[in-house]
Amino acid sequence: MSASEFEYGYIADVERLSDYRLGGYHPIQIDDRLHKRYRIVHKLGHGTFSTVWLALDERTSNYVAVKVGTADADTGEVDILSQLTTGVADRNHAAYKASMIPMVIDRFSLDGPNGTHPCFVTVPARCSLMDAKEASDLRLFELDVARSLAAQLAMAISLVHSQGYAHGDLHLGNLLLQLPPFLNGLSVDQFDEITIKEAKLLLSDFGVAFRPSDKSRFKSYTPLVIRPPEAFFEPMTPLSFASDIWSLGCTIFELLAHRSLIDGILTPQDEITAQQVHLQRPLPSEWWDNWEQRFKWFDEAGRPLSNERDIWKWDRRFEQWVQEPRQSCGMSVIDEDEKAALFELLHWMLAWRPRERPNAAEVLNMAWMKRWALPAYEASRRA
(Lines give C-alpha, C1' and ligand atoms only; values in the text may rest on other atoms or scores of the structure.)
Protein backbone atom coordinates (compact mmCIF):
# COMPACT_ATOMS: atom_id res chain seq x y z
CA MET A 1 0.00 0.00 0.00
CA SER A 2 1.41 3.45 -0.90
CA ALA A 3 1.87 6.27 1.63
CA SER A 4 -0.93 8.23 -0.03
CA GLU A 5 -3.41 5.45 0.82
CA PHE A 6 -2.89 5.73 4.58
CA GLU A 7 -4.80 8.05 6.90
CA TYR A 8 -2.44 10.12 9.06
CA GLY A 9 -3.28 12.25 12.08
CA TYR A 10 -1.86 15.76 12.48
CA ILE A 11 1.20 16.11 14.70
CA ALA A 12 2.39 19.62 15.54
CA ASP A 13 5.78 20.71 14.17
CA VAL A 14 6.15 17.62 11.97
CA GLU A 15 5.83 17.57 8.20
CA ARG A 16 3.08 15.50 6.64
CA LEU A 17 4.20 12.00 5.71
CA SER A 18 2.09 12.25 2.57
CA ASP A 19 4.48 14.98 1.33
CA TYR A 20 7.15 12.31 0.91
CA ARG A 21 5.96 11.76 -2.63
CA LEU A 22 7.12 12.33 -6.19
CA GLY A 23 8.22 15.97 -6.32
CA GLY A 24 8.16 16.23 -2.51
CA TYR A 25 10.55 15.66 0.38
CA HIS A 26 13.63 13.43 0.24
CA PRO A 27 13.60 10.64 2.89
CA ILE A 28 16.49 11.11 5.35
CA GLN A 29 17.41 9.23 8.52
CA ILE A 30 19.81 9.93 11.36
CA ASP A 31 23.34 8.74 10.48
CA ASP A 32 22.73 8.99 6.74
CA ARG A 33 25.64 10.50 4.76
CA LEU A 34 24.77 13.12 2.21
CA HIS A 35 27.07 14.04 -0.68
CA LYS A 36 29.64 11.55 0.77
CA ARG A 37 30.49 14.20 3.35
CA TYR A 38 27.70 15.25 5.71
CA ARG A 39 26.65 12.78 8.42
CA ILE A 40 23.14 13.52 9.68
CA VAL A 41 23.05 14.07 13.44
CA HIS A 42 19.67 15.62 14.18
CA LYS A 43 16.61 17.11 12.51
CA LEU A 44 16.34 20.89 12.89
CA GLY A 45 13.01 21.55 11.21
CA HIS A 46 10.98 21.71 8.04
CA GLY A 47 9.11 24.08 5.79
CA THR A 48 6.75 23.80 2.87
CA PHE A 49 9.61 23.27 0.43
CA SER A 50 12.41 21.78 2.52
CA THR A 51 13.65 19.86 5.54
CA VAL A 52 16.66 21.10 7.53
CA TRP A 53 19.19 18.82 9.24
CA LEU A 54 22.11 19.18 11.60
CA ALA A 55 25.09 17.30 10.19
CA LEU A 56 28.74 16.72 10.93
CA ASP A 57 30.96 17.74 8.04
CA GLU A 58 33.40 14.85 8.03
CA ARG A 59 35.83 16.81 5.90
CA THR A 60 36.23 19.69 8.37
CA SER A 61 34.84 18.14 11.62
CA ASN A 62 32.47 21.14 11.90
CA TYR A 63 28.75 21.01 12.50
CA VAL A 64 26.63 22.41 9.68
CA ALA A 65 22.98 22.81 8.71
CA VAL A 66 21.90 21.09 5.49
CA LYS A 67 18.73 22.33 3.84
CA VAL A 68 17.25 19.70 1.53
CA GLY A 69 14.64 21.08 -0.83
CA THR A 70 11.65 19.24 -2.21
CA ALA A 71 12.14 17.97 -5.74
CA ASP A 72 9.80 20.70 -7.02
CA ALA A 73 11.40 23.51 -4.96
CA ASP A 74 12.65 26.72 -6.53
CA THR A 75 16.46 26.84 -6.47
CA GLY A 76 16.63 30.64 -6.18
CA GLU A 77 17.19 30.84 -2.42
CA VAL A 78 20.80 29.68 -2.52
CA ASP A 79 21.59 32.21 -5.25
CA ILE A 80 20.06 35.01 -3.18
CA LEU A 81 22.01 33.99 -0.08
CA SER A 82 25.22 33.87 -2.09
CA GLN A 83 24.59 37.38 -3.38
CA LEU A 84 23.76 38.69 0.10
CA THR A 85 26.89 37.23 1.69
CA THR A 86 29.51 37.48 -1.03
CA GLY A 87 28.30 40.35 -3.20
CA VAL A 88 28.02 42.96 -0.44
CA ALA A 89 29.71 46.21 -1.44
CA ASP A 90 29.85 47.57 2.12
CA ARG A 91 31.88 45.00 4.03
CA ASN A 92 31.72 47.27 7.09
CA HIS A 93 27.94 46.97 7.32
CA ALA A 94 27.18 45.86 10.89
CA ALA A 95 24.92 43.00 9.79
CA TYR A 96 27.57 41.69 7.39
CA LYS A 97 30.34 41.85 10.00
CA ALA A 98 28.15 40.06 12.54
CA SER A 99 27.17 37.34 10.03
CA MET A 100 23.43 37.93 10.46
CA ILE A 101 22.74 36.37 7.03
CA PRO A 102 23.52 32.65 6.57
CA MET A 103 26.62 32.09 4.45
CA VAL A 104 26.40 29.26 1.93
CA ILE A 105 29.24 26.79 2.59
CA ASP A 106 28.38 24.23 -0.06
CA ARG A 107 25.63 23.36 -2.54
CA PHE A 108 24.78 20.08 -4.23
CA SER A 109 21.82 18.01 -5.39
CA LEU A 110 20.49 14.64 -4.25
CA ASP A 111 18.81 12.08 -6.47
CA GLY A 112 16.19 10.01 -4.71
CA PRO A 113 12.90 8.17 -5.13
CA ASN A 114 10.96 11.47 -5.26
CA GLY A 115 13.18 13.28 -7.74
CA THR A 116 16.26 15.50 -7.70
CA HIS A 117 16.53 17.72 -4.61
CA PRO A 118 18.47 21.00 -4.40
CA CYS A 119 20.57 21.20 -1.22
CA PHE A 120 22.78 23.78 0.39
CA VAL A 121 24.88 23.95 3.54
CA THR A 122 25.16 26.81 6.07
CA VAL A 123 26.29 27.29 9.65
CA PRO A 124 23.80 25.74 12.11
CA ALA A 125 21.52 27.75 14.37
CA ARG A 126 20.08 27.03 17.78
CA CYS A 127 16.34 27.65 17.38
CA SER A 128 13.91 30.29 16.15
CA LEU A 129 12.84 33.22 18.31
CA MET A 130 9.31 31.84 18.11
CA ASP A 131 10.50 28.54 19.57
CA ALA A 132 12.49 30.39 22.22
CA LYS A 133 9.42 32.33 23.33
CA GLU A 134 7.16 29.28 23.30
CA ALA A 135 9.67 27.36 25.41
CA SER A 136 9.28 29.96 28.17
CA ASP A 137 6.23 30.07 30.43
CA LEU A 138 6.49 33.87 30.40
CA ARG A 139 6.88 34.19 26.61
CA LEU A 140 9.08 37.20 27.27
CA PHE A 141 12.69 38.14 26.55
CA GLU A 142 14.59 40.21 29.08
CA LEU A 143 14.22 43.84 28.05
CA ASP A 144 17.82 44.38 26.95
CA VAL A 145 17.73 41.09 25.03
CA ALA A 146 14.56 42.20 23.21
CA ARG A 147 16.10 45.59 22.41
CA SER A 148 19.27 43.98 21.09
CA LEU A 149 17.35 41.49 18.95
CA ALA A 150 15.25 44.33 17.52
CA ALA A 151 18.38 46.26 16.60
CA GLN A 152 19.98 43.21 14.98
CA LEU A 153 16.83 42.50 12.98
CA ALA A 154 16.66 46.08 11.71
CA MET A 155 20.33 45.89 10.73
CA ALA A 156 19.80 42.60 8.91
CA ILE A 157 16.84 44.01 6.96
CA SER A 158 18.92 47.10 6.17
CA LEU A 159 21.60 44.87 4.64
CA VAL A 160 19.07 42.84 2.64
CA HIS A 161 17.37 45.97 1.30
CA SER A 162 20.71 47.61 0.46
CA GLN A 163 21.39 44.65 -1.85
CA GLY A 164 18.11 45.27 -3.65
CA TYR A 165 16.15 42.39 -2.09
CA ALA A 166 12.98 42.29 -0.02
CA HIS A 167 12.79 39.34 2.40
CA GLY A 168 9.08 38.73 1.89
CA ASP A 169 8.42 36.45 4.87
CA LEU A 170 9.54 38.24 8.00
CA HIS A 171 8.34 36.76 11.31
CA LEU A 172 9.75 35.26 14.51
CA GLY A 173 9.78 31.76 13.03
CA ASN A 174 12.36 32.88 10.47
CA LEU A 175 14.62 34.58 13.01
CA LEU A 176 17.16 32.17 14.47
CA LEU A 177 19.63 32.27 17.33
CA GLN A 178 23.18 31.57 16.24
CA LEU A 179 25.19 28.89 17.95
CA PRO A 180 28.57 29.87 19.47
CA PRO A 181 31.85 28.85 17.81
CA PHE A 182 32.78 26.41 20.57
CA LEU A 183 30.13 24.06 19.15
CA ASN A 184 32.71 22.61 16.77
CA GLY A 185 35.04 20.20 18.46
CA LEU A 186 32.32 18.63 20.57
CA SER A 187 31.39 15.04 19.93
CA VAL A 188 27.94 14.14 18.66
CA ASP A 189 27.11 12.73 22.10
CA GLN A 190 28.07 16.00 23.78
CA PHE A 191 26.04 18.17 21.42
CA ASP A 192 22.68 17.67 23.13
CA GLU A 193 24.19 18.52 26.51
CA ILE A 194 24.97 22.15 25.59
CA THR A 195 23.18 24.95 27.42
CA ILE A 196 23.46 28.24 25.60
CA LYS A 197 22.49 31.36 27.51
CA GLU A 198 23.18 33.98 24.86
CA ALA A 199 23.27 33.95 21.07
CA LYS A 200 23.23 36.26 18.09
CA LEU A 201 20.52 36.75 15.50
CA LEU A 202 20.43 35.00 12.14
CA LEU A 203 17.85 36.07 9.54
CA SER A 204 16.84 32.92 7.67
CA ASP A 205 14.52 31.52 4.99
CA PHE A 206 14.97 33.54 1.82
CA GLY A 207 12.81 31.16 -0.17
CA VAL A 208 10.36 33.91 -1.19
CA ALA A 209 12.81 36.83 -1.22
CA PHE A 210 12.73 38.92 -4.40
CA ARG A 211 14.14 41.99 -6.10
CA PRO A 212 11.31 44.52 -6.56
CA SER A 213 13.28 46.07 -9.43
CA ASP A 214 13.48 42.74 -11.29
CA LYS A 215 10.32 40.88 -10.37
CA SER A 216 6.82 42.00 -9.38
CA ARG A 217 5.56 40.12 -6.31
CA PHE A 218 1.85 40.44 -5.53
CA LYS A 219 1.34 37.69 -2.97
CA SER A 220 2.50 38.15 0.61
CA TYR A 221 3.71 35.05 2.46
CA THR A 222 3.92 36.55 5.95
CA PRO A 223 1.41 35.39 8.58
CA LEU A 224 -1.87 37.32 8.42
CA VAL A 225 -1.36 39.05 11.78
CA ILE A 226 1.76 40.83 10.48
CA ARG A 227 0.91 40.92 6.78
CA PRO A 228 1.05 44.46 5.30
CA PRO A 229 -2.42 45.86 4.50
CA GLU A 230 -1.58 46.66 0.88
CA ALA A 231 -1.47 42.90 0.21
CA PHE A 232 -5.20 42.84 1.05
CA PHE A 233 -6.39 46.20 -0.28
CA GLU A 234 -4.19 46.51 -3.37
CA PRO A 235 -3.64 42.92 -4.57
CA MET A 236 -2.74 44.13 -8.08
CA THR A 237 -0.01 46.51 -6.84
CA PRO A 238 3.45 44.93 -6.48
CA LEU A 239 4.84 44.54 -2.97
CA SER A 240 7.98 46.47 -2.07
CA PHE A 241 10.62 47.05 0.59
CA ALA A 242 7.94 48.91 2.56
CA SER A 243 6.05 45.63 2.97
CA ASP A 244 9.01 44.30 4.97
CA ILE A 245 8.96 47.48 7.08
CA TRP A 246 5.35 46.86 8.16
CA SER A 247 6.19 43.28 9.22
CA LEU A 248 9.37 44.53 10.92
CA GLY A 249 7.34 46.97 13.02
CA CYS A 250 4.96 44.23 14.12
CA THR A 251 7.89 41.94 14.92
CA ILE A 252 9.65 44.58 17.03
CA PHE A 253 6.52 44.90 19.18
CA GLU A 254 6.33 41.11 19.52
CA LEU A 255 9.95 40.95 20.69
CA LEU A 256 9.03 43.25 23.57
CA ALA A 257 5.59 41.79 24.35
CA HIS A 258 4.34 38.36 25.34
CA ARG A 259 2.10 38.15 22.26
CA SER A 260 1.70 39.58 18.77
CA LEU A 261 0.54 43.15 18.19
CA ILE A 262 -2.54 41.95 16.30
CA ASP A 263 -4.38 39.26 18.24
CA GLY A 264 -5.32 35.89 16.81
CA ILE A 265 -3.19 33.49 14.76
CA LEU A 266 -6.28 32.00 13.08
CA THR A 267 -8.22 35.27 12.91
CA PRO A 268 -9.84 36.04 9.50
CA GLN A 269 -8.44 38.90 7.41
CA ASP A 270 -11.43 41.23 7.94
CA GLU A 271 -11.21 40.95 11.72
CA ILE A 272 -7.49 41.64 11.53
CA THR A 273 -8.23 44.77 9.49
CA ALA A 274 -10.75 45.88 12.14
CA GLN A 275 -8.09 45.49 14.84
CA GLN A 276 -5.64 47.48 12.73
CA VAL A 277 -8.16 50.30 12.30
CA HIS A 278 -8.85 50.36 16.05
CA LEU A 279 -5.11 50.49 16.62
CA GLN A 280 -3.92 52.96 14.02
CA ARG A 281 -6.53 55.32 12.57
CA PRO A 282 -9.05 55.33 9.68
CA LEU A 283 -8.08 53.59 6.48
CA PRO A 284 -7.28 55.57 3.33
CA SER A 285 -10.62 56.53 1.78
CA GLU A 286 -10.33 54.27 -1.25
CA TRP A 287 -9.50 51.28 0.96
CA TRP A 288 -12.36 52.12 3.31
CA ASP A 289 -14.87 52.34 0.46
CA ASN A 290 -13.75 48.98 -0.95
CA TRP A 291 -13.81 47.17 2.38
CA GLU A 292 -17.13 45.37 2.16
CA GLN A 293 -17.09 43.96 5.70
CA ARG A 294 -16.46 47.28 7.48
CA PHE A 295 -20.06 47.61 8.72
CA LYS A 296 -19.56 44.64 11.03
CA TRP A 297 -17.33 46.86 13.17
CA PHE A 298 -17.96 50.49 12.18
CA ASP A 299 -20.86 52.79 11.33
CA GLU A 300 -21.18 55.02 8.24
CA ALA A 301 -18.99 57.67 9.84
CA GLY A 302 -16.29 55.15 10.77
CA ARG A 303 -17.12 55.12 14.48
CA PRO A 304 -16.61 51.75 16.24
CA LEU A 305 -19.76 49.78 17.00
CA SER A 306 -18.07 48.11 19.98
CA ASN A 307 -18.01 49.50 23.48
CA GLU A 308 -14.82 51.30 24.42
CA ARG A 309 -13.85 48.48 26.79
CA ASP A 310 -13.82 46.05 23.84
CA ILE A 311 -11.46 48.17 21.75
CA TRP A 312 -7.74 47.56 22.13
CA LYS A 313 -5.79 50.68 21.22
CA TRP A 314 -2.04 51.25 21.50
CA ASP A 315 -1.88 52.13 25.19
CA ARG A 316 -4.04 49.21 26.26
CA ARG A 317 -2.06 46.67 24.23
CA PHE A 318 1.21 48.13 25.48
CA GLU A 319 0.19 48.09 29.14
CA GLN A 320 -1.39 44.62 29.17
CA TRP A 321 0.92 42.86 26.72
CA VAL A 322 4.27 44.51 27.50
CA GLN A 323 4.32 46.25 30.87
CA GLU A 324 2.02 44.19 33.09
CA PRO A 325 3.49 40.77 32.18
CA ARG A 326 6.96 42.16 32.85
CA GLN A 327 5.94 43.68 36.18
CA SER A 328 4.21 40.48 37.29
CA CYS A 329 7.41 38.47 37.02
CA GLY A 330 9.84 41.11 38.26
CA MET A 331 11.31 41.99 34.87
CA SER A 332 12.36 45.47 33.77
CA VAL A 333 9.66 47.64 32.18
CA ILE A 334 9.77 50.46 29.66
CA ASP A 335 9.74 53.99 31.04
CA GLU A 336 7.75 56.89 29.59
CA ASP A 337 10.61 58.35 27.53
CA GLU A 338 11.31 55.03 25.87
CA LYS A 339 7.61 54.37 25.36
CA ALA A 340 7.19 57.67 23.52
CA ALA A 341 10.18 56.91 21.27
CA LEU A 342 8.97 53.37 20.61
CA PHE A 343 5.47 54.57 19.70
CA GLU A 344 6.94 57.21 17.38
CA LEU A 345 8.90 54.50 15.55
CA LEU A 346 6.05 51.97 15.33
CA HIS A 347 3.44 54.51 14.22
CA TRP A 348 5.70 55.48 11.32
CA MET A 349 6.57 51.91 10.37
CA LEU A 350 2.87 50.97 10.41
CA ALA A 351 1.69 53.82 8.22
CA TRP A 352 -1.12 52.56 6.00
CA ARG A 353 0.39 53.62 2.69
CA PRO A 354 3.70 51.95 1.85
CA ARG A 355 5.22 55.21 0.57
CA GLU A 356 4.64 56.83 3.97
CA ARG A 357 6.75 54.30 5.89
CA PRO A 358 10.46 54.81 6.65
CA ASN A 359 13.13 52.86 4.84
CA ALA A 360 15.42 50.53 6.79
CA ALA A 361 18.15 53.15 7.21
CA GLU A 362 15.62 55.62 8.62
CA VAL A 363 14.38 52.98 11.07
CA LEU A 364 17.92 52.60 12.42
CA ASN A 365 18.21 56.38 12.76
CA MET A 366 15.09 56.76 14.92
CA ALA A 367 15.41 57.76 18.57
CA TRP A 368 14.32 54.40 20.00
CA MET A 369 16.94 52.59 17.97
CA LYS A 370 19.73 55.05 18.75
CA ARG A 371 19.02 55.48 22.48
CA TRP A 372 17.82 52.00 23.50
CA ALA A 373 18.05 49.22 20.91
CA LEU A 374 21.47 49.82 19.36
CA PRO A 375 23.16 50.50 22.75
CA ALA A 376 21.71 47.20 24.01
CA TYR A 377 23.20 45.43 21.00
CA GLU A 378 26.60 47.06 21.56
CA ALA A 379 26.48 46.07 25.23
CA SER A 380 25.72 42.46 24.27
CA ARG A 381 28.71 42.46 21.90
CA ARG A 382 31.04 43.71 24.64
CA ALA A 383 29.68 41.13 27.05
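Please work out the FRET efficiency for the pair residue 88 and residue 145, using the Cβ-Cβ distance as r and a Förster radius of 22 Å; give the result to the nearest 0.05. It comes to 0.25. In this Cβ point-charge picture (+1 for Lys and Arg, -1 for Asp and Glu), the stretch 228-340 has a dipole of about 260 debye about its Cα centre.
Structural descriptor for the chain: relative contact order 14 percent, calculated from alpha carbon pairs under 8 angstrom and at least 6 residues apart.
With 0.36 nm allotted per residue and the present C-alpha distance subtracted, the residue 280-residue 216 stretch has 20.2 nm of extension available. A DSSP coil position with no more than 11 other Cβ atoms inside 10 Å describes the following GluC sites (Glu not before Pro) in the stretch 270-353: 292, 300. Highest mobility in the GNM of the chain, judged by mean-square fluctuation with C-alpha springs under 10 Å and restricted to 276, 320, 178, is found for 320. Computed over protein heavy atoms with a 1.4 Å probe, the carbon and sulfur contribution to the accessible area of the stretch 123-184 reaches 53%.
With a Förster radius of 30 Å applied to the C-beta separation of residue 347 and residue 107, the computed FRET efficiency comes to 0.10. Helical runs (DSSP H, four residues minimum) scored at -39500 (n - 2.57) apiece and divided by the length of the chain put the mean residue ellipticity at 222 nm at -8500 deg cm²/dmol. A simple count of charges around residue 113, restricted to other residues whose Cβ falls under 15 Å of its Cβ and scoring Lys, Arg +1 and Asp, Glu -1, yields -3.
When +1 charges are put on Lys and Arg Cβ atoms and -1 charges on Asp and Glu Cβ atoms, the dipole computed for the stretch 199-276 relative to its Cα centre reaches about 300 debye. Residue separation of residue 333 and residue 308 scaled by 0.36 nm, minus their Cα-Cα distance, works out to 6.4 nm of gained length.
When both the stretch 240-286 and the stretch 339-368 are represented by their alpha-carbon centers, they are found 14 Å apart. Extension gain, residue 315-residue 383: 0.36 nm per intervening residue step, less the Cα-Cα distance, totals 21.1 nm. The distance from the alpha carbon centre of the stretch 96-131 to that of the stretch 26-51 is 11 Å, rounded to a whole number. Specify which residue in the list 118, 88, 70 is farthest towards the positive end of the charge dipole of the stretch 59-127, using unit charges on the beta carbon of Lys, Arg (+1) and Asp, Glu (-1), about the Cα centre. Selected residue: 88.
Using only side-chain charges placed at the Cβ, +1 for Lys and Arg and -1 for Asp and Glu, the dipole size of the chain relative to its Cα centre rounds to 900 debye.
The values are calculated or read from the model by the stated rules, or taken from the named source; none is laboratory data. Computed from a prediction, not measured in an experiment: that's the story for all the values here. A quick note on method: Cβ atoms are made from the backbone with ideal geometry, for glycine too, and the neighbour counts reach across all protein chains shown. In case anyone asks, the SASA skips ligands and DNA or RNA and just uses the protein heavy atoms, side chains included. Shrake-Rupley method; radii C 1.70, N 1.55, O 1.52, S 1.80 Å.
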